[in-house]
1. Cβ-Cβ below 8 Å, separation at least six or inter-chain, first residue in the stretch 80-105 and more than 25 Å from residue 222 (Cα to Cα) and among the β-branched types (Val, Ile, Thr), second open to solvent by 10 Å² or more (accessible area, probe 1.4 Å) and modelled with pLDDT under 95: which pairs?
2. In this structure, does residue 380 turn out to be in contact (Cβ under 8 Å) with a residue 12 or more places away in the chain, in contact with a Phe, Trp or Tyr (Cβ under 9 Å, 6 or more places away or on another chain) and within 23 Å of residue 170 (Cβ to Cβ)?
3. So which strands (runs of 3 or more DSSP E) stay within the stretch 317-406 end to end and still have 1 or more residues that are on the phi < 0 side of the Ramachandran plot, at pLDDT 95 or above and among the polar types (S, T, N, Q)?
4. May I ask you to list the residues in the stretch 252-264 that are open to solvent by 70 Å² or more (accessible area, probe 1.4 Å) and farther than 23 Å from residue 406 by Cβ?
5. Looking only at the stretch 67-83, count every residue that is open to solvent by 10 Å² or more (accessible area, probe 1.4 Å) and either hydroxyl-bearing (Ser, Thr, Tyr) or modelled with pLDDT under 95 (or both) and tell me the total.
6. Is it the case that some residue within the stretch 142-164 is of a type in the set (S, T, N, Q), open to solvent by 10 Å² or more (accessible area, probe 1.4 Å), in contact (Cβ under 8 Å) with a residue 12 or more places away in the chain and on the phi > 0 side of the Ramachandran plot?
7. Tell me, which residue of the stretch 259-295 that is closer than 17 Å to residue 305 by Cβ and part of a strand (DSSP E or B) is modelled with the lowest pLDDT?
Amino acid sequence: MVVSVPTVLTIAIAVASTTTAANSSNLTLPSGAVYINPLGYNVVGANYTQWRTNNSLVGFNPTNTTPPFIQVFDPSFLNVTGANATIRLVASHPGFSVAHEAPIYVPDLNIVYFSSNDGGPLGYSSWYNNSVVSMLNMTAVDNALASASGGVDVQIKTLNLSDTVQMVNGGTGPYKGNLLFVTSGRALLPPSVVLVNPDPPFNTTVLLDNFYGRQFNSLNDIKILPGTDIVFFTDPTYGWLLGFRPEPMLPSQVYRFNPSTGQVQVVADQFVNPNGIAFTPDGKTAFVTDTGAAGGLKLGFNQTRPATIYQYDIDPVTQSFANRRVFAYSDSGIPDGIQLDTNKNVYSACGDGIHVWNSGGTLIGKFFINSTTHELIFTNSGLLILDEERIYLANVKAQGIDLSAH
């Protein structure tokens, strides 16, 4: 599911087309950004030569702009980017998918924690080998960028975690001062919900590793319901599909877990593979991505299966998910990790970069990387984009919602 692209250190400068939209000349774009008016591409004709028929991971780039760059589909996206947004490389590890998922930003430390690829290409993890959790110091990133005109390569440091932490794939928080991770498990070792102290020696506490005596499939993503200390997580079958977990024994579902009482329950089902999860700041609406199109090593990629973000109402009493409806469908790859900003715009890591939809489900723009990204996280420095072997930073105007529990 990883597309390799040449490393590009700075955002390429491109000129917005004025032939496809009468009002494009009225827009003030960040340097290097491209405006694509949907009206200019609603009809491309039978002689169009860039049909994306064989591989949805190939992004929609009708201007052939060199990535990474900012792609604007609606003028409202400029409220997300701000006037001076850029995309710059800030860290890399060629040959190793060190920056895959589970990003957690701890503002007090100004550090982002994240996990390497579990079971996929260049992850070097399998039935027999664990993935790793690493961290990136954003103060070091800020200092390096301030003294450079292009990209930088800040050192990534790996954490030495307990063996109870196997194949971290999702993360959020801080949760009462700790990192909150979900693991996919490995071989016969169970998937789990774990707390990790962000300071050495990174003490670990397992909060949950079963559903009434049954192992979960391979936990994938986790979020805290705003205003509470209750967590919700997804459980697809990717551990089995990628060959590092046994055959699934539970349906692919979304769970609610109250660490204070120990109660765990299913709140949503009917997925192929539930993946990313997020909430609106008021805690009234949930988003869950179904990445069924990505079938791992066993099933491959099937473009006719879901690459869809579903939206739910949250029952104010039971906190179960109700009134499922389609929020958006990713035109490239699958919508993996998902985050919201304070204006309720929805961000997801997809086949060609980070896609951004407004609260009504309209695609308003992309941070076009031309590579399969899997997660993102807001920091005080901007939007950090995890791109497997590389990490990018977009210094956007938008701010992420509070993901912590105090």
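The values are calculated or read from the model by the stated rules, or taken from the named source; none is laboratory data. All values derive from a computational prediction rather than experimental measurement. Don't worry about glycine lacking a Cβ; one is built from the backbone with ideal geometry, like all the others, and counts go over all protein chains shown. We work out accessible area using only protein heavy atoms, side chains counted, and drop any ligands, DNA or RNA first. Shrake-Rupley method; radii C 1.70, N 1.55, O 1.52, S 1.80 Å.
1. These pairs meet every condition: 86/10; 86/11; 86/31; 87/11.
2. Numbers: in contact (Cβ under 8 Å) with a residue 12 or more places away in the chain: yes; in contact with a Phe, Trp or Tyr (Cβ under 9 Å, 6 or more places away or on another chain): yes; within 23 Å of residue 170 (Cβ to Cβ): yes.
Yes; evaluated as a whole, the condition is true for this residue.
3. Working: elements: 321-329, 338-340, 346-349, 353-357, 363-368, 375-379, 382-387, 390-394.
Hits in the stretch 317-406: 338-340, 346-349, 375-379.
4. To start, the set of residues in the stretch 252-264 that are open to solvent by 70 Å² or more (accessible area, probe 1.4 Å) comprises 260-261, 263.
Correct list: empty.
5. Taking the stretch 67-83 and keeping what is open to solvent by 10 Å² or more (accessible area, probe 1.4 Å), we get 67, 73-76, 78-79, 82-83.
Remaining after also requiring either hydroxyl-bearing (Ser, Thr, Tyr) or modelled with pLDDT under 95 (or both): 76.
Count: 1.
6. Step one: list which residues in the stretch 142-164 are of a type in the set (S, T, N, Q), which gives 143, 147, 149, 155, 158, 160, 162, 164.
After this cut, where a residue has to be open to solvent by 10 Å² or more (accessible area, probe 1.4 Å) as well, the list is 143, 147, 149, 155, 158, 160, 162, 164.
Next cut, in contact (Cβ under 8 Å) with a residue 12 or more places away in the chain only: 149, 155, 158, 160, 162, 164.
Checking the rest, the ones that are also on the phi > 0 side of the Ramachandran plot come to none.
Taking every residue of the stretch 142-164 in turn, none turns out to be of a type in the set (S, T, N, Q), open to solvent by 10 Å² or more (accessible area, probe 1.4 Å), in contact (Cβ under 8 Å) with a residue 12 or more places away in the chain and on the phi > 0 side of the Ramachandran plot.
7. Kept after step one, since they are closer than 17 Å to residue 305 by Cβ, are these residues of the stretch 259-295: 269-276, 288-295.
Adding the requirement that they be part of a strand (DSSP E or B) leaves 274-276, 288-290, 294.
Details: 274: 98, 275: 98, 276: 98, 288: 98, 289: 98, 290: 98, 294: 95.
Looking at residues that are closer than 17 Å to residue 305 by Cβ and part of a strand (DSSP E or B), I get 294.
The rows are residues; the columns are (1) of a type outside the set (Phe, Trp, Tyr); (2) modelled with pLDDT of 95 or more; (3) in contact with a helix residue (DSSP H, G or I) (Cβ under 7 Å, 6 or more places away or on another chain).
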{"site": "32", "(1), (2), (3)": "yes, no, no"}
{"site": "42", "(1), (2), (3)": "yes, no, no"}
{"site": "46", "(1), (2), (3)": "yes, no, no"}
{"site": "56", "(1), (2), (3)": "yes, no, no"}
{"site": "62", "(1), (2), (3)": "yes, no, no"}
{"site": "88", "(1), (2), (3)": "yes, yes, yes"}
{"site": "97", "(1), (2), (3)": "yes, yes, no"}
